[in-house]
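Laboratory data are not the source of any read-out in this text; all were calculated from the coordinates shown. All values reported here derive from a predicted model rather than from experimental measurement. Cβ sites come from the backbone with ideal geometry, for glycine too, and all protein chains shown count toward neighbours.
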């Protein structure tokens, strides 16, 4: 590995840790927006993220260059796919935080690295070692335990895991596209839907930002930055690290979310949820232990 490649990998680790740390504490932000509905928050996230990205592109003089990417059919299709996937992920996550399911969201992001690793194997032809396959199998067992013990399919957890797993895969397919350009184009595709949602909410129940006072307006105005910054960090990490490594590092996110859910938001933890989380933690231990062992053998 050359010196420049080593620096790129190190930067990738830094970007990934920054993204996952910010996501770990993000439930607290959306809980603070509680007067607004999940749909209104989702719509504002999209619109304000686009505004945030466009302002940065204008300030750096790169807006025209970013929009020019849409002339390439492959890039246009991939950014559209990424936009749909991140829209689904955002919507599920906001709903989870607004309805007292932060622990379900945390479980989803515990499962996501396993989904990411599977996508790397079956679509990108990345190879997994025996220990990594064991970790994946344990993840399947954990979901099964939750389904059987909890009495219903954990659709929030699985929805988050697969939507973000495929999002990471699409971002990998965009190659060296600048992170800011990618996020801008993704939000461009879904902004019409977001604007339509805001108009519909305004005409029916009314927008919370127009009726709940200046405090909510100020908090909501941060949605663009709160949403965009960790995504930009994640995109930068995905371009510099193997997909399996990106998935492994993501465990920091659900660990922090679980701590927030248990100790700050005081969500209930029935026994089946403890068992499911315990099995996932074992899978995490196997995954990390194998990674550390391999790194020691290779000297990397």
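In plain terms, the chain from residue 293 to residue 58 could stretch by 80.0 nm, reckoned as 0.36 nm per residue minus the Cα-Cα distance. Its residues counted as N, the stretch 76-139 yields a C-alpha radius of gyration over 2.2 N^0.38 Å of 1.37. Normalised by the residues of the chain, what does the relative contact order come to in percent, with Cα pairs under 8 Å and at least six apart? Here the relative contact order equals 41 percent. Projecting label points 7 angstrom from Cα along Cα→Cβ for residue 9 and residue 71 puts them 3.7 nm apart.
From zero outward in steps of 5 Å, how is the percent of C-alpha pairs of the stretch 1-114 spread across the bins? Percent of Cα pairs in each bin: 2, 9, 13, 16, 18, 18, 14, 7, 2, 1, 0. GNM on the chain, alpha-carbon springs under 10 angstrom: the most fluctuating residue among 261, 206, 276 is 206. Neighbour counts of other Cβ atoms within 10 Å put 101, 62 in the fewest-to-most order 62, 101. Computed from the Cα positions only, the extents of the chain along the three principal axes stand at 57, 49, 28 Å, in decreasing order. Taking springs between alpha-carbon atoms closer than 10 angstrom, which of 94, 147, 260 fluctuates most in the Gaussian network model of the chain? Among 94, 147, 260, the largest GNM mean-square fluctuation belongs to 147.
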